[in-house]
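Nothing in this text is a laboratory measurement; each read-out follows from the coordinates by a stated rule. As the structure is a prediction and not an experimental result, all values here were calculated from the model. Here the Cβ is made from the backbone with ideal geometry for all residues, glycine too, and neighbour counts use every protein chain on show.
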Amino acid sequence: MHFSFQHFLRASILGAFAAFFLYQHLTGDITNYINPKYGFMSKMAGGFLAFLFLIQLSRVWRSSTGGHVHCSSSCDHNHGYDDSFLKKFISYSILVYPLIMGFASAPQTLDSSFAENKGTMLPQVKDSKTDSISSDEIHDQEPLPNNNFIREEDYQKRMQYLKESNVINMEKDIFSSYYNAIRNNSRDFVGKPIKVQGFIYREEGLHFNQVVISRFIITHCIADAGVMGLLAEFEQAGSFEEDTWLEIEGELDVTVYNGVELPVIKAKRGRIIEEPSNPYIYPVLREMTN
């Protein structure tokens with residue numbers, strides 16, 4: 001039997017990638033990288049890598065006899081392993097580097113430094129009929145688990161509840177829709193009590209008693225993350241550090257920021273809370289029923 005180091009290295013890399021996918025799903029950290037609705041696709045990718053690992057593993061030990069027929073000295077051929085050491089080193093380094101970073105670095109949630117680059121005072125997601133999912137699209141996405149899927153009938157009830165409820169509770173699964181409704185029709189909600197959770201972000205130009213209560217919204221993965229934030233005013237605002245998670249209760253009002261009319265929460269109560277295990281929110285996916 002002949003041991004092939006190159007096949008062993010390839011098998012190790014494939015196995016490490018498969019193990020990384022498995023580890024992320026077992027720990028639940030996969031949601032720090034992608035929208036949960038793509039979890040099924042991620043599992044399929046991990047399974048495919050594991051399958052390739054098993055195939056490659058079978059090539060590590062090969063019989064040293066009867067496996068290859070050599071031609072005469074006048075015949076020119078090679079086994080495909082004649083690349084220079086430098087080329088091999090670069091190729092494998094490109095594959096190994098993300099593995100090292102993935103296993104060595106704990107996943108970090110996005111914070112105010114990322115929000116500073118994104119900006120929070122303008123809407124990041126439009127919740128309209130274009131966000132709805134047709135029956136054909138639903139059929140195409142059936143294999144994908146979707147934790148933020150709402151039937152059109154239920155969606156309309158919850159949007160009506162937004163207008164009629166005594167207190168607006170910015171729950172995670174409907175956050176983006178409520179946010180857009182409040183931003184686009186801010187005067188309709190003046191005086192309405194509201195409760196919202198998010199991390200503190202201070203945008204340049206805000207007063208000492210103003211902060212933005214923010215959430216990151218993920219459409220597909222961390223790379224396309226946007227920020228949704230509601231301006232809040234209260235006397236103790238300056239005493240909290242950025243990235244502190246708060247639950248704010250107060251009443252909605254309207255203010256003008258850089259010439260733009262915005263809703264603002266006149267906070268009456270606020271308390272520090274723990275950062276949620278999954279701090280991100282996701283766009284509402286609406287099922288169009290007949």
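The simple spin-label model puts a point 7 Å past each Cα toward its Cβ; for Y33 and I100 those points are separated by 1.8 nm. Separation of the alpha carbons by more than 21 angstrom is noted, of K195/K268; K43/K87; K157/K266; K43/K172, for K43/K87; K157/K266; K43/K172.
Here the residues D224, D29, ranked from fewest to most Cβ neighbours within 10 Å of their Cβ, fall in the order D224, D29.
Looking at the range 204-290, the chymotrypsin sites (Phe, Trp or Tyr not before Pro) that sit in a DSSP loop and have at most 15 other Cβ atoms within 10 Å of their own Cβ are F208. Give me, ordered by chain and number, the residues 5 or more places off T255 or on other chains with an amide H under 5 Å from its own placed amide H. So T255 has HN proximity to L262, V264. Compared with the alpha-carbon gap, the fully stretched path from E247 to K157 is longer by 29.9 nm at 0.36 nm per residue.
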